[in-house]
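Asks: One structure, as structure tokens, below. Some questions next.
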Amino acid sequence: MIESLQDVSENIKECSMCFALDTHSPCKICTNSTRDREILCVVADVIDMWAIERTGSFNGVYHVLGGILSAVSGYNPSVLKFDQLFDRVRGGAFKEIIIALNPTIDGQTTVIYLTNELKKYPAKITTLANGIPIGGELDYVDNGTIKMAFSKRWEIAS
């Protein structure tokens, strides 16, 4: 186990483009020519990126913030990878920026902050939908999630 930890410590690098962790910098996602480089997904941490990758539903590139805004934890814009994000977006290469943060108070605060900063650029800004989980039962879902599901509903027939 000690050897494995040493191996990780010696071989894992932070990607110079997206700030994910990999054995190479730039990482395998950033250097993959089949990825859609016009769609950027902003996530808080590498574990969130891996969760999205696990689904196979996203084929763009990422930007890992290194956390979310939190006064309690001491995470402010200068500690997170916000400036690097704005530098990437300033280049104008993205047609869509997906802000994929957890729907917590700190996550939503970060979404609002990023949206206010990113709306200066021509890219469309989107966020992940919120609502009832697949396989969930309304009786077991909290009130906030049900309210969000109602406010984010879409037409299926007219």
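Asks: Do you know which residues across the range 6-21 are at pLDDT below 75 and of a type in the set (A, V, I, L, M, F, W, C)?
Replies: Val8 - this is the single residue of the range 6-21 that is at pLDDT below 75 and of a type in the set (A, V, I, L, M, F, W, C).
Asks: Moving to a separate point now. If you check Gly67 against the conditions, is it touching a residue at least 24 places away in the same chain (Cβ under 8 Å) and closer than 19 Å to Cys41 by Cβ?
Replies: Considered against the rule, which asks whether it is touching a residue at least 24 places away in the same chain (Cβ under 8 Å) and closer than 19 Å to Cys41 by Cβ, Gly67 comes out as no.
Asks: Also, I was wondering about something else. If you check Asn76 against the conditions, is it open to solvent by 20 Å² or more (accessible area, probe 1.4 Å) and at pLDDT 95 or above?
Replies: Judged against the criteria, Asn76 is not a match.
Asks: Working only within the range 77-135, note down all residues that are more than 21 Å from Asp36 (Cα to Cα), in contact with a Gly (Cβ under 6 Å, 6 or more places away or on another chain) and in contact (Cβ under 8 Å) with a residue 40 or more places away in the chain.
Replies: Lys81
Asks: What number of residues within the range 121-158 satisfy the criterion of being surrounded by 10 or more Cβ atoms within 10 Å (Cβ to Cβ) and closer than 15 Å to Val89 by Cβ?
Replies: Final tally of qualifying residues: 5.
The values are calculated or read from the model by the stated rules, or taken from the named source; none is laboratory data. This is a predicted model, so every value here is computed, not measured. When we count neighbours, we look across all protein chains shown, and the Cβ atoms used for this are built from the backbone with ideal geometry, even at glycine. Side chains are part of the model used for accessible areas, which takes the heavy atoms of the whole protein and leaves out ligands, DNA and RNA. Shrake-Rupley method; radii C 1.70, N 1.55, O 1.52, S 1.80 Å.
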